[in-house]
Amino acid sequence: MFELSALKKTRFYQEAKEEGVQEGRQEAKFEAMPKMLELGLSVQQIAQALDLDVAQVQQVAQQARPNE
């Protein structure tokens, strides 16, 4: 029978795990942006701090502040 420890050693498992970690990091960045905007940071400052494109931050900023 294929054991869990053997599965964890496979390249497929390692790649899937890393992909999940990366997605989690990206999600955390997007969740932090509205709070950073509330604190008065500029789109450029947020992009630099989170290592994101300015366009990505602008998109979130527009969604967070639809009236502006």
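The values are calculated or read from the model by the stated rules, or taken from the named source; none is laboratory data. Here the structure is a predicted model, which means the values were calculated and not measured. Backbone-built Cβ (ideal geometry, glycine too); neighbour counts: all protein chains shown. In case anyone asks, the SASA skips ligands and DNA or RNA and just uses the protein heavy atoms, side chains included. Shrake-Rupley method; radii C 1.70, N 1.55, O 1.52, S 1.80 Å.
For the chain, no complete DSSP H run has alpha carbons reaching 20 Å or more along its own long axis together with a mean Kyte-Doolittle score of -1.0 or higher.
Fully extending the segment from residue 35 to residue 51, taken as 0.36 nm per residue of separation minus the present Cα-Cα distance, adds 4.1 nm. Note on the chain: Kirkwood hydrodynamic radius from all Cα pairs is 14.0 Å, rounded to one decimal.
Annotation: per residue accessible area for the chain equals 82 Å², rounded to a whole number [probe 1.4 Å, protein chains only].
As a rough guide to protection, the peptides 27-35, 11-19 ranked by mean Cβ packing within 10 Å, highest first, stand as 27-35, 11-19.
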